[in-house]
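Some notes on the structure that comes next.
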Amino acid sequence: QVQLVESGGGLVQTGGSLRLSCAASRRTFSNYAMGWFRQAPGKEREFVAAISVIGGSTYYADSVKGRFTISRDSAKNTVYLQMNSLKPEDTAIYYCAATSYSAYEEVRLYSYWGQGTQVTVSS
């Protein structure tokens, strides 16, 4: 079992930045690819970014490419999402998740999920 705890959400103005963190409970963190998803009110959960097991490959949704950066620190069992140039449409609950698969955009293939952290971008 892998437990994930997100932190770092909050209220920020348009154009601002936030850094989300996701701490994993076990050393087996290093066996999983990690992803960030978000869900806005009334919308489905959508893929934001993912990073491979070793961290050599990263993947982004088109809507965040060039603004968000995902990274992982295996020594700290933590994955990060640096979010820059935030827009009101980035407002959502952000979730981190762990997967054993390589289809990183597929919500259903993630086995473990955090509780989510709220990000609100004011206009």
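The values are calculated or read from the model by the stated rules, or taken from the named source; none is laboratory data. Remember, predicted model here, so these are calculated numbers, not experimental data. Cβ: placed from backbone, ideal geometry, glycine included. Neighbour counts: every protein chain shown. Just so you know, the surface numbers come from the protein's heavy atoms only, side chains and all, with ligands and any DNA or RNA stripped out. Shrake-Rupley method; radii C 1.70, N 1.55, O 1.52, S 1.80 Å.
Assorted remarks:
- Bridge type composition, the chain - antiparallel percent by DSSP, nearest 5: 90
- Taking Asp90, Asp73, Asp62 in turn, the Gaussian network model of the chain (Cα-Cα springs below 10 Å) assigns the largest fluctuation to Asp62.
- Under the Debye formula (equal points on every Cα, no solvent term), log10 I(q)/I(0) of the range 43-92 at q = 0.12, 0.26 Å⁻¹: -0.28, -1.06
- Diffusion constant of the range 56-123 at 37 °C, which comes from Stokes-Einstein with the Kirkwood Cα-pair radius and 0.692 mPa s, µm²/s: 244
- Across Tyr95, Tyr59, Tyr104, mean-square fluctuation computed from a Gaussian network of the chain (C-alpha pairs under 10 Å connected) peaks at Tyr59.
- What the Cβ-Cβ distance of Ser57 and Thr120 gives, at R0 = 35 Å and to the nearest 0.05, is a FRET efficiency of 0.70.
- Hz values of 3J(HN,Hα) by residue in the range 5-12 - Karplus curve (6.51, -1.76, 1.60), Gly and Pro given as x: 10, 8, 7, x, x, x, 9, 9
- Computed accessible area, Leu109, all protein chains, 1.4 angstrom probe, square angstrom: 30
- The rule of thumb for compact globular proteins, 2.2 N^0.38 Å, goes into the C-alpha radius of gyration of the chain 0.97 times.
- Efficiency of FRET between Ala40 and Lys76 - r from beta-carbon atoms, R0 30 angstrom, step 0.05: 0.55
- Qualifying trypsin sites (Lys or Arg not before Pro) in the range 38-101, where qualification requires a DSSP coil assignment and no more than 12 other C-beta atoms within 10 Å, comprise Lys43, Lys65.
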